[in-house]
1. Summing Lys, Arg as +1 and Asp, Glu as -1, what charge do residues with Cβ under 10 Å from the Cβ of B:Ile12 carry, B:Ile12 excluded?
2. Shielding of B:146-156 by partners, i.e. mean partner chain Cβ atoms within 10 Å per residue?
3. Taking every pair of distinct Cα atoms and averaging 1/r, then inverting, what Kirkwood hydrodynamic radius in Å comes out for the protein assembly as shown?
4. In whole Å, how far is the Cα centre of segment B:202-263 from that of segment A:1-78?
5. Counting Lys +1, Arg +1, Asp -1, Glu -1, what net charge surrounds A:Asn51 among other residues with beta carbon under 11 Å of its beta carbon?
6. To the nearest 20 debye, what charge dipole does the protein assembly as shown have about its Cα centre, counting +1 at the Cβ of each Lys and Arg and -1 at the Cβ of each Asp and Glu?
7. Between 0 and 90 degrees, rounded to the nearest ten: what's the tilt of helix B:351-361 against the longest Cα principal axis of chain B?
8. From other protein chains only, count the Cβ atoms within 10 Å of every residue's Cβ in A:38-48, then give the mean.
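Nothing in this text is a laboratory measurement; each read-out follows from the coordinates by a stated rule. The shown structure was predicted, so the numbers you read here are calculated from the model rather than taken from an experiment. Neighbour counts are summed over all protein chains in view; Cβ atoms, including those assigned to glycine, are modelled from backbone coordinates with ideal geometry.
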Amino acid sequence: MVNFLKRVFFVDVLAGLALTLKYTFHRVYTEQYPTEKPKLAERYRGAPRLNNDPETGETLCIACDLCAQVCPEDLIVVGSERDPDTRKKVLTTYTFDTSRCLFCGLCQEICPTNAIELTQDFELATYSRRNMVWDRTRLEQGWDRIDYGADRETASGRESSRYERKTG
Amino acid sequence: MIEPTILDAKEIEINMGPQHPSTHGVLRVKLKIDGEKVRQAECIIGYLHRGVEKISENRNYFKCIPYYDRTDYIAAVSNGLGFILGVEKMAEIQVPERAQYIRIMMTELNRIASHLLWLATHALDIGAMTVFLYCFREREEILKLFEALFGARLTTHAFRIGGLWKDLPPGFVEAVKKFTDEFPARVDEYEQLLTKNRIWLDRTRGIGVISAAEAIEYGLSGPPLRGSGVPYDVRKLRPYGGYENFEFDVPVGKNGDTYDRYLVRIEEMLQSRRIVEQILQKLPSGPIRGKVPRVLKPAAGEYYSAVEGPRGELGYYIVSDGSTQPFRVRIRPPTFISLQVLDRLVRGHLIADVVAIIGTLDIVLGEIDR
């Protein structure tokens, strides 16, 4: 009998509706992504970076080639030459193909000097495939990527972004 | 005489997928229908084949691991664990206790996340959109935990051979505790929306019934098997990686229909939460990575390691020829095997029920096609 009355008066449906009504007065969970950048975890593995020594400005990479060997996709190419005076290997070129990267983090794990590092930067979209292969300058300095207008005023000295030009 | 047209046909063959939102990926189902009734269903797979097994033959054991995150990308942690446990068995590597506990904790959180995604999309397929939004809210919390510990949300590359990459970050235990404390109330919300809802009952009860004997014959595992009342769980029967230290129940269903499988998965989430709570109480301190040789050359032989993934028994059959690379890796994907039961389940049901049945099998095409 009780079950019958519950069925007639739509108790099961109303219980669900009461719950959704409760959430109408609740804090909104949605993140406003392009305008509000999410704060990513410290360990997040995003865009690669080749670190320089903050004091001398010289690269930390000792061209040991371990990152290239450990990479599952073989996408790191380390170019080096031997300094005739010190008999040490010196880094000349370094390319990193982000289009094939799995972001597994094995390269930064094995690096003995913390030279290659995957940063919290995650906006890697680009207009051409060629832009996905990062050379040494881009790895060291970061790249001038598309600014989706999050903090347009504060972006230092950056002219109107490519996105703006596209949309007019 | 009038030419017979398609309207006179007794059986019509239609395509569902590969770009159908309810096939959860790129599954193509050829349906033979008579009116609204489904007579036969044929699954056509392979649209997402990437050759993960073949790739592994050309990589050393350390490099293989990230690829297995990409087979069943919704349960990347369990997938990585299965392979790593296999390699550790082959090379006889001891894992420290703390690493074992953290591994189990993260695998169980992954099970919750996976079941939440299943519940969300399954309910969305059947027409309950609110559940989708609520489930993703909780899943987001788990993914944030993954991000804090592993450094990635989906393809986590969670564990390493011999232990973990890094120890828990500061504040992590409190964050997990906050999640486990809040979680039962959230499950109550899903149940309030679904369990007694008449539409949900009509759409799931008596749909896709499979008996226990038949489920065993088909080789099902995981919730599709337990929904039929068989308490088969690798964690209980062949404990691996320290599961024998924890208490949990294996929920089983009675009727083997979609509704029972739903109840089983809801209860499994709560049981996973129970395991996580036990780990938080007795998390030992100590090292997180055992001794692993720099060049890993397991002795030649054949090894099988199985874990209970969110979708069922996830096995890795690894053949070593004594070199640094596996000679052959064969994955036993749970949903590849549950998918073959689809034809048996959909016969006689309506087209709309096919959506519910595909949902209840909880397939992931990345794993089926590999």
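1. For residues surrounding B:Ile12, the net value is 0.
2. Mean inter-chain Cβ contacts per residue within 10 Å come to 5.
3. Radius from the Kirkwood sum: 25.8 Å.
4. Their Cα centres are 31 Å away from one another.
5. On the way: positive: A:Arg49; negative: A:Asp53, A:Glu58, A:Glu117, A:Glu140.
So the surrounding residues net to -3.
6. 300 debye
7. Once rounded, one gets 20 degrees.
8. Across the residues of A:38-48, the mean count of other-chain Cβ atoms within 10 Å is 4.
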